[in-house]
Amino acid sequence: MSNPLPLVTPAAFRKIMGLFATGVTVVAASEGDEIHGMTANAVTSVSLEPLLVLICVDIRARMNRFLESAGGFSINVLSEDQEALSRYFAGSWKSEGPPEFRFLPWTGGPRLVGCLAAVGCEIDRTIEAGDHRIVLGRVMALHEGDASSRPLLFFGGRYRRLEELEAPVPPEEWSHEAVHIYYDEWSGSSRQTSEEP
Ligand SMILES: Cc1cc2nc3c(=O)[nH]c(=O)nc-3n(C[C@H](O)[C@H](O)[C@H](O)COP(=O)(O)O)c2cc1C
């Protein structure tokens, strides 16, 4: 039997939404010589025409000041060997001294070296949403890192890794048709697996 429905509280909401597996990013912006990074997984692609992404930023985060003065930001998708950077930019790094990292000057915001992918944005607009601020970014630059890297994942309040990489490789061109073929391959293969004895 499944667990009874939890009461609708912030803690239960957090737990339930934590079952939505995501990647992990570091959002970065600079003010003069100072670079600020913040670990974020409330990151979504929004629109293809125009190209828009969004991030959700806690109104208490120091990141807000940097976003306001920079007018842009980068979203750096972390690879599985960058968990230490995620902890560091989330303020939960316990070791002495920061982990090693390097940012390169880039469009929108500084780009984190070694990330899986990056998106550079100019801020389109911000929307106040409860205790967070939705920041919509116009996509100005794209970067693909080492194709053999695997993503860092976050699920159930813990960092995770992909167990296997033998799944169908995403097509080069993410046309609508290609995306459908990709999903069909996925659902086809999972159907086959579940029908096996
Ligand atoms: C996996 C993970 C995802 C997170 N996602 C977000 C997010 O999307 N938005 C946010 O405001 N904080 C998020 N946080 C929390 C911030 O990283 C953390 O509060 C950080 O210290 C805020 O940075 P700042 O105050 O130095 O700008 C996340 C933390 C973790 C570990």
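The values are calculated or read from the model by the stated rules, or taken from the named source; none is laboratory data. It should be emphasised that the depicted structure is a prediction, and the values quoted were computed from it without experimental measurement. No Cβ is skipped: glycine too gets one built from the backbone with ideal geometry, and neighbour counts run over all protein chains shown.
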Can you tell me how many residues in region 8-38 are more than 9 Å from the ligand (Cβ to nearest atom) and among the polar types (S, T, N, Q)?
2
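Given the criteria surrounded by 13 or more Cβ atoms within 10 Å (Cβ to Cβ), β-branched (Val, Ile, Thr) and in contact with a Gly (Cβ under 6 Å, 6 or more places away or on another chain), does Val57 qualify?
On the way: surrounded by 13 or more Cβ atoms within 10 Å (Cβ to Cβ): yes; β-branched (Val, Ile, Thr): yes; in contact with a Gly (Cβ under 6 Å, 6 or more places away or on another chain): no.
The answer is no for Val57.
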Filter result for the condition that a residue is of a type outside the set (Asp, Glu), farther than 27 Å from Ile134 by Cβ, in the same structural domain as Pro151 (by TED's automatic domain parsing) and more than 16 Å from the ligand (Cβ to nearest atom), over Gly108, Gly120, Gly114:
Gly114
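Checking the conditions here, which among Ala141, Ala90 is surrounded by fewer than 16 Cβ atoms within 10 Å (Cβ to Cβ) and touching a strand residue (DSSP E or B) at 6+ places or on another chain (Cβ under 7 Å)?
Details: Ala141 fails: surrounded by fewer than 16 Cβ atoms within 10 Å (Cβ to Cβ).
None of the others qualify; the one that does is Ala90.
Given the structure, is Ile75 aliphatic (A, V, I, L, M), within 14 Å of the ligand (Cβ to nearest atom) and surrounded by 19 or more Cβ atoms within 10 Å (Cβ to Cβ)?
On the way: aliphatic (A, V, I, L, M): yes; within 14 Å of the ligand (Cβ to nearest atom): yes; surrounded by 19 or more Cβ atoms within 10 Å (Cβ to Cβ): yes.
Spelling it out, Ile75 is indeed aliphatic (A, V, I, L, M), within 14 Å of the ligand (Cβ to nearest atom) and surrounded by 19 or more Cβ atoms within 10 Å (Cβ to Cβ).
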Please pick out the residue among Arg133, Arg125 that is assigned to a strand (DSSP E or B) and in contact (Cβ under 8 Å) with a residue 24 or more places away in the chain.
Arg133
Subset of region 39-53 [within 10 Å of the ligand (Cβ to nearest atom), aliphatic (A, V, I, L, M) and surrounded by 18 or more Cβ atoms within 10 Å (Cβ to Cβ)]:
Ala40, Val43
Please determine, by comparing only the residues of region 19-28 that are within 17 Å of Ser86 (Cβ to Cβ) and aliphatic (A, V, I, L, M), which one is surrounded by the fewest Cβ atoms within 10 Å (Cβ to Cβ).
Ala21
For region 49-60, which positions are under 17 Å from Gly130 (Cα atoms) and over 17 Å from the mean Cα position of the chain (by Cα)?
Ile59, Arg60
Would you confirm whether any residue within region 106-119 is modelled with pLDDT of 95 or more and within 30 Å of Ala11 (Cα to Cα)?
no
